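Beneath this line is the structure, given in structure tokens, with notes to follow.
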Amino acid sequence: MLKYTLRRVLAMIPMLFLISIIVFSLAKLMPGDSLGGEIDPANTDPEYIEQMREKLGYNDPIYEQYFRWITNFVQGDFGKSTRYKIPANEIIMERLPNTIFLSLTSLIITYVLALAMGIYSGRKPYTLGDNTIAAANYIGLALPSFVAGVFAIYIFSFHLGWFPSNGSVDISVTEGTFEYWLSRFHHVLLPAFVLGLLNTASYTQFLRNDIIENSRKDYVRTARAKGTSESKIYNVHIFRNSVIPLVTFLGFDIVNLVGGAIITETIFTYPGIGQLFLTSVTNRDYSVLMTLTMMFSVLTLFGNLVADILYGIVDPRIRLD
Amino acid sequence: MSKLTHASKKAPLLEVNHLETAFKIDREYYNAVDNVSFTVKPRQVVGIVGESGCGKSVLSLSVMRLLPKGISEIRSGEILFDGKDLVKMSENEINNIRGKDIAMIFQEPMTSLNPVFTIGYQLQEVLLNHMEISKKEARQKSIELLKGVGISRPDKIVDEYPHQLSGGMRQRVMIAMAIACQPKLLIADEPTTALDVTVQAQILELLKEIQSANDMAIILITHDLGVVAEMCDDVIVMYAGKIVERTDVDTLFYNPKHPYTKLLMGAIPKMDEDREVLESIKGIVPSLKNMPKVGCKFAARCPHAMPECSFVTPQLAETEQGHEVACLLYETSRPKEGMNVQ
Ligand SMILES: Nc1ncnc2c1ncn2[C@@H]1O[C@H](COP(=O)(O)OP(=O)(O)OP(=O)(O)O)[C@@H](O)[C@H]1O
Ligand SMILES: [Mg+2]
């Protein structure tokens, strides 16, 4: 297992190199640069802008620019945010905990709901309960997150006043106190539900169908022939088989943990990575943008690896070597 | 007291009476097992033979109450095991009998074990279901059981997963699981069909040894009359959900009466021939929906068919001592005037 992991990690290096080229090229292909949007052209001497371009190296040949960027990048210098005037990694690290908090909460919501509903529906398919769950799920699946987000804010924040509609914490509470954490939790709950319910539908239906499929397998008949109770057959024999694909989803959810909340964060003006990503695009904040994109890529590769390793752990038929 | 013991020795272990098991197809019920009655005595090996699709598996699943839910059910009849009707039992009651008093092994050893649990876990499960023992004792016992079915390195195999074992090994594991609680009756549904020839012989040999060592009765379902000759005391020949002939094994081989049985006999492959068993009878078993409602169900394929065969339903009746046949060629099979046709 260790050897396998090591080999996979090493194999990531050339992949990341290719990705870095693509990320860099795409960033360069975007029209305009950081000197375009932020500076008032009526007020500034065009020559000065041209000078700055020259000084920042924007006029150097592309490969030189790339080389400079990647050399700094691997040394841990991700560049300075042109917008916030601080190193890109600092601004990212500032937002990262918020996003992870939001995503973890939503992930827990997804898995708890999907497991509960999927197990119920799989065991009692084609009943009223199953059909109700399916109907709710398909509505959830059909609703885009920006619609769901807006509706959630409208109903639960404006009308009922149960949850705040924006931000990640009340500004009046002091950091570190119990009230502070309570407030953070209060702020995260609504966007977490909107985000969490997004995946719940497909995970539930997936688990349900897998349980139904497994319940027709020969090994279930064997377990019955041994006098094993129906609840143990479902909760142990079938569940252990049906949970395998779900566990491997977890690997891919790691990527979403950071990058999956762009729309939700923007709607709830929740200061996280997703929101940062979007503003970086509009501001041509290259260093932040490229650092984030590289981070998403690393996480995608890493998530794939985690999915494969989890697969090897939960399914004895898969051997990693 | 002694009289009672004597009586219970003669009493059948399993008594199936007028069993009808049906599948629901397009909201209608079609009998896959049609008015079947037979008995199995303690320690007796009863063979059930017949072509593919004649209802052997459905019959054995009925006895185990393992019919696929929703699409099939026992419509009438009783299945008395030790005098108690399995048909009327609740799920809990039947669970106390399955694996303990009646066990079953299946045709497909490759898929009959749960792929994500160790052999040891699956063996211990049946022990823990029915015995008051600790997990440690159960593990010890499962190693012994594996050894008992001829698996070498049993202490290693307990911790392995089904996919690490060959088909023959898996079937041995299934047998170990089936005999773990020393059942009085073992139902073996084509236990060797999926295995290659040399392994088949070993598995049958193993079943025979266990049968005499454990004083166990066996219902052995097979396509293969050679296996029947080797293993069985009594034989039931089934066709299209019905028993067409029933007698002891010697009588069946020396004096088969039903035309279907005779054709089956003719279809036993010679050593050097292709092993396409029973394929040489012209035609196929009719599907449930196309089953003739009256008359002999074999009439369409029978070389001795008479006009009346298509509208008079033959009754299974004793033509000679201990030899039952359902065929209009025999006077005893004709329905008696005024008697209710079952
Ligand atoms: N799940 C099912 N749904 C519908 N019909 C079924 C089902 N299982 C069995 N049958 C029907 O019941 C009849 C008896 O089938 P059964 O499996 O008992 O045959 P068999 O004698 O065991 O054959 P084989 O030798 O191939 O195992 C067949 O006509 C079959 O089509
Ligand atoms: Mg069968």
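Any chance the range B:132-151 includes a residue that's facing chain A (nearest Cβ under 10 Å), closer than 19 Å to A:THR228 by Cβ and buried (at least 19 other Cβ atoms within 10 Å of the Cβ)?
So far as the range B:132-151 goes, no, none of its residues is facing chain A (nearest Cβ under 10 Å), closer than 19 Å to A:THR228 by Cβ and buried (at least 19 other Cβ atoms within 10 Å of the Cβ).
Looking at the range A:57-84, which of the residues that are touching a Ser or Thr at 6+ places or on another chain (Cβ under 7 Å) and polar (S, T, N, Q) is modelled with the lowest pLDDT?
Here the answer is A:THR82.
Selection over the range A:126-174 of residues that are touching a His at 6+ places or on another chain (Cβ under 8 Å) and assigned to a helix (DSSP H, G or I) gives a count of 0. Scanning the range B:102-114 for residues being open to solvent by 30 Å² or more (accessible area, probe 1.4 Å) and touching a residue at least 24 places away in the same chain (Cβ under 8 Å) gives a total of 3. The residues of the range B:98-146 that are β-branched (Val, Ile, Thr) and not in a helix (DSSP H, G or I), listed by number, are B:ILE102, B:ILE105, B:THR111, B:VAL116, B:THR118, B:ILE133. Against the conditions (1) within 27 Å of B:ASP224 (Cβ to Cβ); (2) open to solvent by 60 Å² or more (accessible area, probe 1.4 Å); (3) part of a helix (DSSP H, G or I), B:MET169 satisfies every one except (2). Among the residues of the range A:224-243, those that are surrounded by 17 or more Cβ atoms within 10 Å (Cβ to Cβ), outside any loop (DSSP other than H, G, I, E, B) and at the interface with chain B (Cβ under 7 Å from one of its Cβ atoms) comprise A:ARG224, A:ALA225, A:HIS237, A:ASN241. Filtering the range B:45-83 to residues that are of a type in the set (D, E, K, R), out of contact with any helix residue (DSSP H, G or I) (no Cβ under 6 Å at 6 or more places or on another chain) and not in a loop (DSSP other than H, G, I, E, B) leaves B:LYS56, B:GLU73, B:ARG75.
Cβ separations smaller than 7 Å between residues 6+ apart or across chains give the following pairs from the range B:13-34 residues that are acidic (Asp, Glu) to residues that are within 12 Å of ligand 1 (Cβ to nearest atom) and not in a strand (DSSP E or B): B:ASP34/B:GLY241.
Here's a check for you: in the range B:152-166, which residue that is among the charged types (D, E, K, R) and within 12 Å of chain A (Cβ to nearest Cβ) is most open to solvent (accessible area, probe 1.4 Å)? Filtering the range B:152-166 for residues that are among the charged types (D, E, K, R) and within 12 Å of chain A (Cβ to nearest Cβ), the one most open to solvent (accessible area, probe 1.4 Å) comes out as B:ASP159.
When you check A:ASP218 against the structure, is it within 14 Å of chain B (Cβ to nearest Cβ) and out of contact with any helix residue (DSSP H, G or I) (no Cβ under 9 Å at 6 or more places or on another chain), yes or no? Spell out the reasoning first.
Numbers: within 14 Å of chain B (Cβ to nearest Cβ): yes; out of contact with any helix residue (DSSP H, G or I) (no Cβ under 9 Å at 6 or more places or on another chain): yes.
Yes; evaluated as a whole, the condition is true for this residue.
Looking across the range B:20-69, the residues that are within 14 Å of chain A (Cβ to nearest Cβ), near ligand 1 (Cβ under 9 Å from one of its atoms) and open to solvent by 10 Å² or more (accessible area, probe 1.4 Å) come down to B:SER57, B:VAL58, B:LEU61, B:LEU67, B:PRO68. Filtering the range A:253-269 for residues that are open to solvent by less than 50 Å² (accessible area, probe 1.4 Å) and within 14 Å of chain B (Cβ to nearest Cβ) leaves an empty set. The set of residues in the range B:172-200 being over 29 Å from B:LEU80 (Cβ atoms), open to solvent by 10 Å² or more (accessible area, probe 1.4 Å) and at pLDDT 90 or above consists of B:ARG172 alone. What pairs come up if the first residue lies in the range B:74-95 and is open to solvent by 40 Å² or more (accessible area, probe 1.4 Å), the second is of a type in the set (S, T, N, Q), and their beta carbons are under 7 Å apart, counting only those six or more places apart or on different chains? These pairs meet every condition: B:ARG75/B:THR21; B:GLU78/B:ASN17. Per this entry, B:PRO307 is counted among residues that are at pLDDT 90 or above and either under 23 Å from B:GLY55 (Cβ atoms) or of a type outside the set (A, V, I, L, M) (or both). When the range B:86-106 is filtered for residues that are facing another protein chain (nearest Cβ under 9 Å) and in contact with a strand residue (DSSP E or B) (Cβ under 6 Å, 6 or more places away or on another chain), the ones remaining, listed by number, are B:ILE102, B:ALA103, B:MET104, B:ILE105, B:PHE106.
May I ask you to verify whether B:VAL126 is modelled with pLDDT of 95 or more and over 19 Å from A:LYS232 (Cβ atoms)?
Against the criterion (modelled with pLDDT of 95 or more and over 19 Å from A:LYS232 (Cβ atoms)), B:VAL126 does not qualify.
Selection of first residues in the range B:190-205 that are away from chain A (no Cβ under 14 Å) and more than 16 Å from ligand 2 (Cβ to nearest atom) and of second residues that are open to solvent by 80 Å² or more (accessible area, probe 1.4 Å) and part of a loop (DSSP other than H, G, I, E, B), restricted to Cβ pairs under 9 Å at least 6 apart or on distinct chains, gives the following pairs, ordered by first then second residue: B:VAL197/B:ARG275. The residue list B:LYS297, B:LYS293, B:LYS262 contains one member that is at pLDDT below 95 and open to solvent by less than 50 Å² (accessible area, probe 1.4 Å), which is B:LYS297. With respect to the conditions (1) over 25 Å from B:THR39 (Cβ atoms); (2) touching a helix residue (DSSP H, G or I) at 6+ places or on another chain (Cβ under 6 Å), B:GLN200 falls short on a single one, namely (2).
The values are calculated or read from the model by the stated rules, or taken from the named source; none is laboratory data. Since the structure is predicted, the reported quantities are computational estimates derived from the model, not experimental observations. Because the Cβ atoms are built from the backbone with ideal geometry, glycine has one as well, and the counts that use them run over all protein chains shown. With ligands, DNA and RNA removed, areas are computed over all heavy atoms of the protein, side chains included. Shrake-Rupley method; radii C 1.70, N 1.55, O 1.52, S 1.80 Å.
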